[in-house]
1. Does ILE34 satisfy being over 19 Å from the mean Cα position of the chain (by Cα) and of a type in the set (A, V, I, L, M, F, W, C)?
2. I'd like to verify a number: residues in the stretch 28-67 that are without any contact (Cβ under 8 Å) to a residue 60 or more places away in the chain, open to solvent by 50 Å² or more (accessible area, probe 1.4 Å) and in a loop (DSSP other than H, G, I, E, B), how many?
3. Among (1) of a type in the set (A, V, I, L, M); (2) open to solvent by 90 Å² or more (accessible area, probe 1.4 Å); (3) at pLDDT below 95, where does ALA17 come up short?
4. Residues in the stretch 118-128 that are of a type outside the set (Asp, Glu) and either surrounded by 18 or more Cβ atoms within 10 Å (Cβ to Cβ) or farther than 27 Å from VAL92 by Cα (or both): how many?
5. Residues of the stretch 73-111 being more than 18 Å from LEU54 (Cβ to Cβ) and open to solvent by 70 Å² or more (accessible area, probe 1.4 Å), which ones?
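The values are calculated or read from the model by the stated rules, or taken from the named source; none is laboratory data. Values in this document were obtained by computation on a predicted structure and should not be read as measured data. A quick note on method: Cβ atoms are made from the backbone with ideal geometry, for glycine too, and the neighbour counts reach across all protein chains shown. Areas reflect the complete protein model, heavy atoms only, side chains present, ligands, DNA and RNA absent. Shrake-Rupley method; radii C 1.70, N 1.55, O 1.52, S 1.80 Å.
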Amino acid sequence: ENDPDMMKVNPFLTDGAYYGPSRGHLFPKYARRIGMPRGYGYGASMGSWVTDFLSGWAGEHGMVVHSTANYRGPALTGDITIQSAEVVDKMVDGEGRHLVQVKHLMQNQKGVKMCLGTAEIALPKKAG
């Protein structure tokens, strides 16, 4: 991957999705070689699903200030992803931002935990 000389000769060989160890993410044959039953998601993508879910909940005027994402199981091709979160605390930080702390969970249709963690989300202060 990332070989600029090889990219000129054969770009196929420089894309980890199609050549090398990362191709197990897309192709069941190579996923099985490393003990996975079929293709699986990239960890960075799963992390972005968490941030996207939480920022969607925060809305246009809210913002995810900090989050943790602890991966527990893979996102396998063909599975669904269910995300949930619950507010566990409210606070005002040193910068005067009104925050809620949430625990979030990502699981598949069988209830297998894929990712869990906490996040702090800044929300606009209610007027009045």
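1. The answer is yes for ILE34.
2. 6
3. Failing condition for ALA17: (2).
4. Matching residues across the stretch 118-128 total 3.
5. Within the stretch 73-111, THR77, GLY78, ILE80, VAL92, GLY94, GLU95, GLN109, LYS110 meet the criteria.
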